Amino acid sequence: MSDDVYQKSLDLHKKYRGKLETVSKVKLDSKEVLSLAYSPGVAEVSREIARDPHLAREYTLKRNTIAIVSDGSSILGLGNLGALAAIPVMEGKAAILKEFAGVDAFPICLDTQDTEEIIKAVKQIAPVFGGINLEDISAPKCFEIEERLRRELDIPVMHDDQWGAATVTLAGIINSLKLVEKNKENVRVVLSGIGSAGVATARLLLIYGIKNIIFCDSKGIIHKDREDLTKEKLELLDASNLKPEPGALSDAVRGADIFIGLSKGGVLSEDMVSSMAERAIVFALANPTPEIMPDVASSAGAFIVATGRSDFPNQVNNSLVFPGAFKGMLDGNIPQFKIEMFSAIAEALAGHVVDLSKDKILPTMFEDGVVEVVSQTIQKFK
């Protein structure tokens with residue numbers, strides 16, 4: 001991706017001073033309308049909501065509004081840049097929710113990276129919103145924050161870095177397996193990068209029935225004799241059919257059918273891809289620099305290659321999921337996300353692809369019906 005896109009993005013943001021604005025649904029063009037929208041008429045709306053809190057969904061923006069919450073501790077592939085630097089990313093997500101799903105959203109960038117303070121802050125602002133989209137919060141605290149908020153709030157909570165990325169990845173894998181004519185029960189998978197997206201992807205793969213997985217992190221293969229494993233890594237190691245010996249990523253990928261990278265750029269070499277099984281599938285999803293460039297992976301023998309970038313075929317992008325997912329939750333008044341929803345969405349997205357090919361394993365967010373198919377899949381769980 002050329003440096004030109006970065007300069008153009010700076011120019012666009014400077015021109016518009018951000019991407020969002022507040023627009024009133026009610027035109028305040030007379031004293032009468034003002035008296036209904038505000039004082040004195042609004043007093044009756046407040047009394048009704050105090051009498052029955054459920055009426056907030058009928059009388060206020062709560063029905064169709066999401067808070068996009070970040071502490072800026074894991075922004076894109078850039079790392080911990082803090083709350084202020086998170087604003088343009090959260091604005092972008094809010095713009096996508098509105099443009100593609102008709103869902104209102106607002107960035108909430110918190111000037112704390114303490115787990116308890118984040119949980120407390122989100123709970124305190126929750127009355128305004130119909131759902132919470134957690135974003136760019138680093139692992140492992142992101143797991144506890146999402147788990148606690150799901151348990152303690154009565155509105156849906158989703159950490160999109162986990163479940164958006166994992167769901168689209170599974171959708172792409174489902175279609176890739178069709179093209180290479182391999183069975184999900186038999187393929188061997190290497191998953192590199194066990195952060196937030198990696199853990200969620202692993203959990204979805206296991207639920208779907210892909211259980212022969214070797215997990216790798218920055219120290220190499222995750223195995224039973226390591227003493228530095230988080231509870232999430234231990235959970236995944238126990239759930240996989242494979243119990244590997246110690247080794248490097250190069251050892252793990254030898255003979256593997258699928259490589260899924262959610263780690264960092266350049267960790268997968270041409271020789272590693274050449275050592276994989278025939279008709280290998282390579283998902284190099286690190287951003288902005290993939291684990292291996294698509295042309296290099298293809299020349300090394302990969303049959304299907306996907307990245308997280310829009311300038312290559314087969315972009316794995318969580319924007320295929322979160323707009324429709326929140327629309328479905330809000331429209332269906334569904335209290336909380338469940339992992340089974342994401343597996344179902346992945347299958348629905350995979351089935352939505354027209355003219356499936358090795359360069360077209362996923363729909364794009366600009367195709368008709370993507371938001372609707374995700375939203376309708378969610379509402380089946382009502």
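With a Förster radius of 25 Å applied to the C-beta separation of E367 and S298, the computed FRET efficiency comes to 0.55. Between the labelled values (i) 1.07; (ii) 1.00; (iii) 0.96, the entry that holds Rg/Rh (Cα atoms, Kirkwood Rh) as derived from this structure is (ii). Couplings 3J(HN,Hα) for segment 351-365, derived from phi with the Karplus relation 6.51 cos²θ - 1.76 cosθ + 1.60 (θ = phi - 60°), are x, 8, 6, 9, 6, 4, 8, 5, 9, 8, 9, 9, x, 10, 5 Hz, where x marks Gly and Pro. In this simple spin-label approximation, Q124 and T289 carry label points 7 Å from Cα along the Cα→Cβ vector, and these lie 4.1 nm apart.
What order do you get for F215, F283 when you list them from fewest to most C-beta neighbours inside 10 Å? Present the calculation step by step, with values, prior to reporting the outcome.
On the way: F215 24, F283 29.
Final ranking by Cβ density, sparse to dense: F215, F283.
With the cut-off at 1.5 for a/c, could you classify segment 6-122 from its C-alpha gyration tensor as rounded, prolate or oblate?
oblate
Only helical runs count toward this figure. For the chain, summing -39,500 (n - 2.57) over DSSP H runs of n ≥ 4 and dividing by all residues gives -13500 deg cm²/dmol at 222 nm.
Where does each of 319-330, 262-273 land if you order them by average Cβ count within 10 Å, highest first? Spell out each step's value before the answer.
On the way: 319-330: 26.8, 262-273: 19.5.
Top to bottom by mean Cβ count within 10 Å: 319-330, 262-273.
The simple Förster model, with R0 at 51 Å and r as the Cβ-Cβ distance, assigns K360 and E152 a FRET efficiency of 0.75.
Can you tell me what share of the DSSP beta bridges in the chain is antiparallel? A percent to the nearest 5 is fine. Write down the numbers at each step before the final one.
Details: 4 of 35 bridges.
Bridges in the chain that DSSP calls antiparallel: roughly 10 percent.
Of the peptides 306-315, 352-361, 67-76, the ranking by mean beta-carbon count within 10 Å, highest at the top, reads 67-76, 306-315, 352-361. Length gained on full extension, L206 to L179: 7.7 nm, using 0.36 nm per residue less the C-alpha separation. Size descriptors for segment 188-278 (Cα atoms only): Rg and Dmax, in that order, 12.0, 35 Å. Positive contributions from Lys and Arg (+1) and negative ones from Asp and Glu (-1), summed over other residues with Cβ under 10 Å from the Cβ of I194, come out at -1. By definition, a body whose alpha carbon gyration tensor gives a ≥ b ≥ c is oblate when a/c is 1.5 or more and a/b is not larger than b/c, and segment 162-382 fits this oblate description.
Per-residue counts of other Cβ atoms within 10 Å, averaged by peptide: what ranking do you get for 369-375, 224-230, highest first? Mind dumping the intermediate values first?
Numbers: 369-375: 20.4, 224-230: 11.4.
Ranking the peptides 369-375, 224-230 by packing returns 369-375, 224-230.
Once you reduce segment 324-382 and segment 86-120 to the center of their Cα atoms, the two points are 21 Å from each other.
Consider a paramagnetic label point 7 Å from the Cα of H223 along Cα→Cβ; state which residues of segment 239-255 have an amide N under 16 Å from it. Taking a point 7 Å out along Cα→Cβ of H223, the residues of segment 239-255 whose backbone N falls under 16 Å are 242-254. Axis of helix 370-379 versus longest Cα principal axis of the chain: the two differ by about 80°, to the nearest ten degrees. Summing +1 for each Lys or Arg and -1 for each Asp or Glu among the other residues whose beta-carbon sits under 15 angstrom from that of N317 gives -3.
All of the numbers you see were taken from the coordinates with simple rules; none came from a lab. Values in this document were obtained by computation on a predicted structure and should not be read as measured data. Because the Cβ atoms are built from the backbone with ideal geometry, glycine has one as well, and the counts that use them run over all protein chains shown.
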